[in-house]
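Notes follow the structure.
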Amino acid sequence: MTTEPPPRSRRAVLRATALAGLGAAGAQLAGPAPAAAAPAAERAPRSADADGGYLVGRGLADVTGEVAEVGMMGYGRFDQQAAGLHTRLRARAFAVVDRAGGGRVVIVVADAPMIFSSVHQAVLRRLADRYGDLYTERNVLITATHTHAGPGGHAHHFLYNTTTFGFHRATFEALADGITEAVVRAHEDLAPSELVLTRAELTDASVNRSRAAFDRNPEDVKRYFPGAIDPLSTVLRVERGGRVVGAVNWFATHGTSMSGDNRLISADNKGYAAYHWEREVAGVDYLADGAPAFVAAFAQTNAGDMSPNLDLVPPSTPEDFDRTRECGLKQYRAAAEQLRQPGTRLTGGVDARLVHIDLSGVTVGPEFTGDGRVHTTSTPCIGAAMAAGSMEDGPAFPGFQEGENPFWDLISDSLVYTVSPGLKAAQAPKDVFVPIGELNRVYPWVQERFPVQLVRVGRLHLIGIPGEVTIAAGLRLRRTVARIAGVALDDVLVAGYANAYFHYVTTPEEYDAQHYEGGSTLFGRWQLPALQQTVAALATSLRDGTPLPAGAPAPDLSGRQLTLQPGVVLDAPPPLRSFGDVLAQPRETYRAGERAEAVFAGAHPGNDLHRGGSYLEVQCQDGDGWRTVADDGDWSTRFHWRRDGIAASRVTVTWDIPAGVPAGHYRIRYHGDAKGVTGRITPFTGTTRAFAVR
């Protein structure tokens with residue numbers, strides 16, 4: 001056992017070893033050089049104003065929560081309890097200030113299953129403590145990539161904490177602290193920059209998992225999406241001095257490349273796309289202090305019915321690791337290719353609007369309902385089709401199916417809709433499984449009041465919707481805003497999974513099919529028209545420069561949380577062993593492409609999340625010292641934890657040796673933290689013997 005501190009500098013080794021293993025396609029689309037500059041042939045011509053019209057800042061921070069004995073969020077499976085780490089989760093923030101008008105917004109993209117109102121509220125409180133009214137709910141847009149391999153337990157509504165056995169404060173704090181840290185770093189990084197908007201089409205990274213429901217839409221929708229997918233890949237790139245220093249990509253595909261059988265926390269396909277561009281191509285050192293040379297965020301849009309599983313078959317472990325990388329590479333390549341485009345240099349103001357609406361009782365005007373009549377949304381109801389899950393990405397509860405569920409249809413007609421005709425007017429033809437709005441009267445199960453946001457940066461408009469929007473529903477929202485704002489349709493994007501979570505929103509026509517997405521549209525058939533009405537008011541206010549009352553926000557429920565899962569009581573090493581002892585050494589010799597593995601006498605990872613650090617390091621001998629070449633944020637490493645008896649832990653670290661890695665001597669180090677009988681947590685380190693890579 002050793003206690004020497006881990007070395008931190010390894011950027012050159014990261015880039016040299018990673019680029020060697022990218023393959024021909026990756027090498028051809030290498031994107032930015034180490035300092036993230038586009039090649040000379042790819043640089044767009046500079047404007048007359050060399051400094052550009054904006055100040056832009058970029059921030060990057062770790063948001064990884066618990067990685068062991070915490071339910072994973074997304075598939076709704078009680079058996080999917082985390083048992084280690086595949087890749088760390090990151091938050092990426094971009095602050096934009098209009099140098100002429102002073103308008104300011106922040107766009108955050110976090111590797112998280114969802115952004116719940118709990119986290120949104122916590123981040124805003126922390127920003128207010130630091131900056132006063134500079135960053136508020138109006139101008140801060142926080143979105144999730146929707147990975148289904150992140151830890152849960154960070155909601156304040158009980159439905160989302162059932163598979164985690166209640167609220168997990170450590171994961172909640174990691175997410176809130178990390179997002180706040182990313183925004184702070186973006187603020188501190190503000191500098192004169194230019195913003196360039198480009199577009200492309202990506203047709204082989206998504207498929208419509210609910211085609212029968214989509215085909216119910218009118219012809220104008222089906223003509224707009226002839227392949228029943230949204231292929232639009234939009235990039236907003238940040239340039240300083242002719243060099244690309246950041247990029248945000250928006251593309252619609254679900255974060256379900258990692259299967260429900262996976263037990264390792266992972267950023268899924270969008271997280272890999274960002275990691276690949278930042279670390280494997282640009283050589284960013286995630287553990288280094290200071291602003292990184294390049295920040296790339298891969299954000300969601302209207303991904304509600306877009307699956308990355310092109311064969312419409314749920315992924316299975318271990319094949320899902322390869323599928324995740326493949327889907328991520330496709331998104332990266334589409335985005336990196338857009339550096340070759342001159343694009344549209346943004347000019348104009350920066351502004352935002354936000355309102356809170358109670359979706360359980362919105363009266364929707366006839367201009368939005370589509371049938372010329374007034375309709376009203378209702379309290380939330382879970383449909384039987386929601387309980388069935390999305391069969392293409394991972395089914396949920398047995399005994400349910402998408403479409404017709406005769407038993408629940410009988411229950412709905414004979415009980416739910418008979419007792420409440422108003423519920424029937426809003427929710428039919430949904431087969432109601434749980435009228436969960438009624439449960440809210442006893443305890444907060446799901447949210448009913450939500451923020452809806454509209455952010456403008458020059459001509460680009462982002463509609464912040466707190467849920468999963470199908471491509472057809474997204475098209476209607478985008479058309480509503482584009483018409484009022486007087487901009488091209490492609491200049492308006494849905495920023496899904498933003499600021500809170502209300503499950504899905506479908507068109508009324510898709511809703512009638514009662515597939516998974518329709519069964520998950522909690523507030524009924526008129527939920528999309530209610531949102532169209534809301535974004536129309538936002539767009540009008542933004543266009544005219546007039547104020548819009550925000551309304552009452554959702555209540556703060558931080559004082560009403562249930563924590564049902566006990567924390568770590570005690571760690572103990574195996575008999576006759578010490579913490580950090582190597583129980584199984586790596587082989588003496590490996591070749592590139594092989595997997596090195598070591599097993600340690602460990603401790604529970606929940607004692608210290610190592611946010612901003614690492615549970616492990618792979619080091620290469622460099623003269624008389626050792627240089628770190630990989631950590632637990634790398635694709636090539638995996639950190640497995642399992643309980644060994646009552647209080648002992650076995651930690652297995654693997655390293656898939658990249659092609660082109662320099663020959664030499666390497667070792668694996670594990671950094672753990674043990675909880676003693678007094679509750680004191682003591683850090684320790686275990687180190688393997690050296691092994692050769694030939």
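The values are calculated or read from the model by the stated rules, or taken from the named source; none is laboratory data. Worth saying up front: this structure is predicted, and the values here are computed from it rather than measured. FYI the Cβ positions are ideal-geometry reconstructions off the backbone, even for glycines, and counts take in every protein chain you see.
Is it true that L159 is within 23 Å of G612 (Cβ to Cβ), assigned by TED's automatic domain parsing to the domain that holds S307, in a helix (DSSP H, G or I) and not polar (S, T, N, Q)?
The answer is no for L159.
Show the residue pairs meeting these rules: Cβ distance below 9 Å; 6+ apart or different chains; first residue within segment 470-491 and in the same structural domain as G458 (by TED's automatic domain parsing) and at positive phi; second residue modelled with pLDDT under 95 and polar (S, T, N, Q).
Final answer for the pair search is none.
Check V492, V505, V535 and return the single one that is in contact with a Gly (Cβ under 8 Å, 6 or more places away or on another chain), within 24 Å of H146 (Cα to Cα) and not small (G, A, S).
From the options V492, V505, V535, the qualifying one is V505.
Which members of segment 553-598 meet the condition of being closer than 24 Å to V442 by Cα, surrounded by fewer than 10 Cβ atoms within 10 Å (Cβ to Cβ) and among the aliphatic types (A, V, I, L, M)?
Answer for segment 553-598, where residues must be closer than 24 Å to V442 by Cα, surrounded by fewer than 10 Cβ atoms within 10 Å (Cβ to Cβ) and among the aliphatic types (A, V, I, L, M): there is none.
Filter segment 243-289 down to the residues that are in a loop (DSSP other than H, G, I, E, B), touching a Leu at 6+ places or on another chain (Cβ under 9 Å) and under 23 Å from Y497 (Cα atoms) and list them by number.
F251, A252, T253, M258, L264, S266, A267
Within the group D631, D624, which residue is surrounded by 19 or more Cβ atoms within 10 Å (Cβ to Cβ), out of contact with any His (no Cβ under 7 Å at 6 or more places or on another chain) and either assigned by TED's automatic domain parsing to the domain that holds H276 or of a type outside the set (S, T, N, Q) (or both)?
Going through D631, D624 in turn, the sole match is D631.
For the list (1) surrounded by 21 or more Cβ atoms within 10 Å (Cβ to Cβ); (2) within 22 Å of L85 (Cα to Cα); (3) out of contact with any helix residue (DSSP H, G or I) (no Cβ under 9 Å at 6 or more places or on another chain), I need the number of the one condition that P318 fails.
(1)
V446 is checked against (1) touching a Leu at 6+ places or on another chain (Cβ under 7 Å); (2) farther than 30 Å from L557 by Cβ and fails just one. What number does that condition carry?
Condition not satisfied by V446: (2).
Could you list, ordered by first residue, the pairs with Cβ atoms under 8 Å in which the first is in segment 659-679 and closer than 20 Å to G580 by Cβ and the second is in a loop (DSSP other than H, G, I, E, B) and among the hydroxyl-bearing types (S, T, Y), at least 6 apart or interchain?
R667/T688; I668/T688; R669/T688; Y670/Y615; H671/S614; H671/Y615; G672/Y615
Within the bounds of segment 545-558, is there any residue that is within 27 Å of the chain's Cα centre (by Cα), over 30 Å from G676 (Cβ atoms) and assigned to a strand (DSSP E or B)?
The answer is no, given that none of the residues of segment 545-558 is within 27 Å of the chain's Cα centre (by Cα), over 30 Å from G676 (Cβ atoms) and assigned to a strand (DSSP E or B).
Given the residues G606, G612, which is the only one that is part of a loop (DSSP other than H, G, I, E, B) and of a type in the set (G, A, S)?
Selected residue: G612, the only one of G606, G612 that is part of a loop (DSSP other than H, G, I, E, B) and of a type in the set (G, A, S).
For Y443, which of the numbered conditions (1) aromatic (F, W, Y); (2) touching a Ser or Thr at 6+ places or on another chain (Cβ under 9 Å); (3) within 18 Å of H157 (Cβ to Cβ) fails to hold?
(2)
Given the structure, is G645 at positive phi and free of Cβ contacts under 8 Å to residues at least 12 places away in the same chain?
no
Considering only segment 468-511, state which residues are under 22 Å from G361 (Cβ atoms) and outside any strand (DSSP E or B).
Within segment 468-511, A473, R476, L477, T480, N499, A500, Y501, F502, T506, T507, P508, Y511 meet the criteria.
For segment 88-108, which residues satisfy the criterion of being closer than 22 Å to P553 by Cα and either of a type outside the set (D, E, K, R) or surrounded by 24 or more Cβ atoms within 10 Å (Cβ to Cβ) (or both)?
V105, V106, I107, V108
Which of the following residues is touching an Asp or Glu at 6+ places or on another chain (Cβ under 9 Å), outside any loop (DSSP other than H, G, I, E, B) and not polar (S, T, N, Q): W655, W635?
W655
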